[in-house]
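A quick write-up on the structure given underneath.
Computed from the coordinates by the stated procedures, all read-outs in this text should not be read as laboratory data. None of these values were measured; they are calculated from a predicted model. Note: ideal-geometry Cβ built from the backbone for every residue, glycine included; neighbour counts use all protein chains shown.
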Amino acid sequence: MAGASRGAERPHAGDLSALDRHRYLSLATFRRNGAEVRTPVWFAAADARVYVFSAGDAGKVKRLRHSSRARVAPSDVRGRVRGAWRDATARLVTDPATLVLAHAALRAKYGRQMALADLLARLTGRLRRRAWIEIEV
């Protein structure tokens, strides 16, 4: 396991930019019994990590509270995988500076779609209940 923390194991900027060219990411999280659950999500790469937002009470958020184990692959809106799966570590983030970075990355990538999602979430009271996920590929 000593090699797992080496800098050579971290993704190169080119790896994440290739992934970030896709519109959707299939995020696989794991139940306590080890069963994989895949979910297509919006995502954006920033600062050598991938960021995702979700409803705070979503299943993927609950699963990440128990295990940071994840896998990711580019996908279409329905979750059909369009590339290779990559092992990842995911965690919920609450640090305000990280949230600003993540939100800015998603706004830059999705533009008006993200602005509309933010507006609808604000109007329905879901904006404050959002969970933010940071993924290291």
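Compute, for the stretch 13-96, the length of the dipole vector about the Cα centre, with Cβ point charges of +1 (Lys, Arg) and -1 (Asp, Glu) only. Units Debye, rounded to 20. Intermediate values should be presented prior to the final figure.
Values: 17 positive and 8 negative charges, 85 e Å.
In debye, rounded to 20, the stretch 13-96 gives about 400.
Ordering Gly79, Leu99, Gly125 by Cα displacement along the dipole of the chain toward the positive end leaves Gly125 in first place; charges were set at the Cβ atoms of Lys, Arg (+1) and Asp, Glu (-1). Axis of helix 96-110 versus longest Cα principal axis of the chain: the two differ by about 80°, to the nearest ten degrees.
Would you list Tyr110, Tyr24 from fewest to most Cβ contacts within 10 Å?
Numbers: Tyr110 16, Tyr24 19.
Taking fewest neighbouring Cβ atoms as first place, the list is Tyr110, Tyr24.
A cut-off of 5 Å between modelled amide H atoms, ignoring neighbours fewer than 5 places along the same chain, links Ala46 with Tyr51.
Under 5 Å between amide hydrogens, built in the peptide plane, is the criterion, and for Ala70 it picks out Ala88, Ala90 among residues at least 5 positions away or on other chains.
Electrostatic bookkeeping for Leu19 treats Lys and Arg as +1 and Asp and Glu as -1; over the other residues with beta carbon under 13 Å from its beta carbon, the sum is +4.
With all pairs of separate Cα atoms included, the stretch 2-136 yields a Kirkwood hydrodynamic radius of 15.3 Å. Entry note, the chain: relative contact order of 28 percent, from Cα contacts under 8 Å with a spacing of 6+ residues. The angle between the Cα long axis of helix 112-124 and the main principal axis of the chain comes to about 60°, on a 0 to 90 degree scale.
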